[in-house]
Amino acid sequence: MNTNVRDGINFLSKITLSRLINALSVLISYYYSKLVGRPSQWGMPVSISFEPTTSCNLRCPECPSGLRSFTRPKGMLEQDLFKKTIDEISSSLWYLIFYFQGEPYLNPNFLDLVKYASAKRIYTATSTNAHYLSDESARRTVESGLDRLIISIDGTTQETYESYRVGGSLDKVIEGTKRVLSWKKKLGSSTPHVVFQFLVVRPNEHQVGEVKQLARELGVNEVAIKTAQIYEYENGSPLIPEQEQYSRYRANEDGTYSFKGPMDNHCWKMWHSCVVTWDGKIVPCCFDKDAHHQLGDVSGTSFREIWYSRPYQAFRQTLISSRQEVEMCKNCTEGTKVWA
């Protein structure tokens, strides 16, 4: 069976009647809100991201973790806070992403958190730079029940890889990948579905074909091509790819750059998902990296109360009325996906 088909079947196997009813309620309320121009929320989130940590071992140039540039507090997600929230929303939650900022494997309890969520039959995923996939960690990753493992590999040579993944080792990425794939075979497990994620920047854009070949040679299940977010893009950047299909930005005749994405007054993410920072703050989505739009705190309030609160509804109303006023939306990938 095709591995992508198997992964899809695995995802669908997590469905329950309550999750299905909730997902349909969320979908209907989203389209109803667009129609009437006023937010109505009729379900809990279908998907959620939890931040295991803000810490990272690398120094990637367009990442707050890599730049050590956070203005918000830094730390590690605690098990009690995670379990409290998951216990509250697990009956409706379908998809759980263990990632926001930082390297998840730096949290010593990370795989215990995955195991807890997997036991509740939630589809679990994470994104890693793969530098901490020792033999033991690789085995525990497979045993945790993790459904999807996204491995960032932004080059097929060390020189290209470290031009963006500053301080990183391509050999460690490849060896860590091999260990996970080996333990999948040893344990007879079809999970995690292993994805090579290739962030396209100018130094590596010529290696898109090569990373696909490398994935085939190693037995990686999928390759995802991702466009890079550039914070100061208007006057150009040495990271913006020359091939426009791999860029979020369009070169103008005067030498400046414009964002290619649409700015329509709606956002599906605000109805079906959100992000929880390591210390329990609820933020709208993964583009709010410094948590400027905090909508609540699950460390002292129930998730349900925050999700249906006036501040959350007010934020949804802003997106319906004038999304262009929200700064983080100006660099959002809605409508700029790359399929390659």
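Things to note:
- When the range 195-213 is limited to residues that are in contact with a strand residue (DSSP E or B) (Cβ under 8 Å, 6 or more places away or on another chain) and open to solvent by 30 Å² or more (accessible area, probe 1.4 Å), the one that is nearest to Asn2 (Cα to Cα) turns out to be Lys212.
- Of all residues making up the range 56-72, the number that are aliphatic (A, V, I, L, M) and free of Cβ contacts under 8 Å to residues at least 40 places away in the same chain: 1
- Tallying residues that are of a type outside the set (S, T, N, Q) and open to solvent by less than 10 Å² (accessible area, probe 1.4 Å) within the range 171-182 yields 3.
- Selection from the range 183-193 of residues that are surrounded by fewer than 20 Cβ atoms within 10 Å (Cβ to Cβ) and of a type outside the set (Gly, Ala, Ser): Lys185, Lys186, Leu187
- Which numbered condition Gln229 misses (of (1) at pLDDT below 90; (2) in contact with a strand residue (DSSP E or B) (Cβ under 6 Å, 6 or more places away or on another chain); (3) within 27 Å of Ile174 (Cβ to Cβ)): (2)
- In the range 129-148, the residues that are closer than 24 Å to Val275 by Cβ, crowded, with 22+ Cβ neighbours inside 10 Å and out of contact with any His (no Cβ under 7 Å at 6 or more places or on another chain): Asn129, Ala130, Thr141, Ser144, Leu146
- The sole residue among Leu20, Leu12, Leu24 that is under 27 Å from Ser321 (Cα atoms) and either of a type in the set (S, T, N, Q) or without any contact (Cβ under 8 Å) to a residue 24 or more places away in the chain (or both) is Leu24.
- Sole exception among (1) open to solvent by 30 Å² or more (accessible area, probe 1.4 Å); (2) more than 22 Å from the chain's Cα centre (by Cα) for Thr160, by number: (1)
- Meets criteria (within 22 Å of the chain's Cα centre (by Cα) and open to solvent by 50 Å² or more (accessible area, probe 1.4 Å)) for Lys226: yes
- Residue in the range 142-165 that is farther than 22 Å from Leu77 by Cα, basic (Lys, Arg) and out of contact with any Ser or Thr (no Cβ under 9 Å at 6 or more places or on another chain) present: no
- Answer residue from the range 238-282, given it is more than 25 Å from Phe70 (Cα to Cα) and of a type in the set (A, V, I, L, M) and is modelled with the lowest pLDDT among those: Met263
- Test: Glu103 is open to solvent by less than 50 Å² (accessible area, probe 1.4 Å), among the acidic types (Asp, Glu) and out of contact with any helix residue (DSSP H, G or I) (no Cβ under 6 Å at 6 or more places or on another chain): yes
- Those strands (runs of 3 or more DSSP E) of the range 129-244 in which 3 or more residues are more than 17 Å from Leu58 (Cα to Cα) and touching a residue at least 60 places away in the same chain (Cβ under 8 Å) occupy 222-227.
- Residue match in the range 37-46 (condition: on the phi < 0 side of the Ramachandran plot, surrounded by 17 or more Cβ atoms within 10 Å (Cβ to Cβ) and among the β-branched types (Val, Ile, Thr)): yes
- Matching residues, the range 277-305, being out of contact with any Cys (no Cβ under 9 Å at 6 or more places or on another chain), among the aliphatic types (A, V, I, L, M) and farther than 21 Å from Gln229 by Cα: Val298
- Just so you know, in the range 109-128 the residues that are small (Gly, Ala, Ser) and part of a helix (DSSP H, G or I) include one that is most open to solvent (accessible area, probe 1.4 Å), and it is Ala119.
- First in the range 73-85 and in contact (Cβ under 8 Å) with a residue 40 or more places away in the chain, second anywhere and exposed (fewer than 15 other Cβ atoms within 10 Å of the Cβ), Cβ under 7 Å, 6 or more apart: Leu81/Ser299
- Phe70 vs. criteria surrounded by 20 or more Cβ atoms within 10 Å (Cβ to Cβ) and over 18 Å from Tyr132 (Cβ atoms): no
The values are calculated or read from the model by the stated rules, or taken from the named source; none is laboratory data. Everything quoted here is computed from the prediction, not taken from an experiment. Heads up, the Cβs are rebuilt from the backbone with ideal geometry, glycines too, and the neighbour counts pull from every protein chain shown. SASA here: full protein model, heavy atoms, side chains in, ligands and nucleic acids out. Shrake-Rupley method; radii C 1.70, N 1.55, O 1.52, S 1.80 Å.
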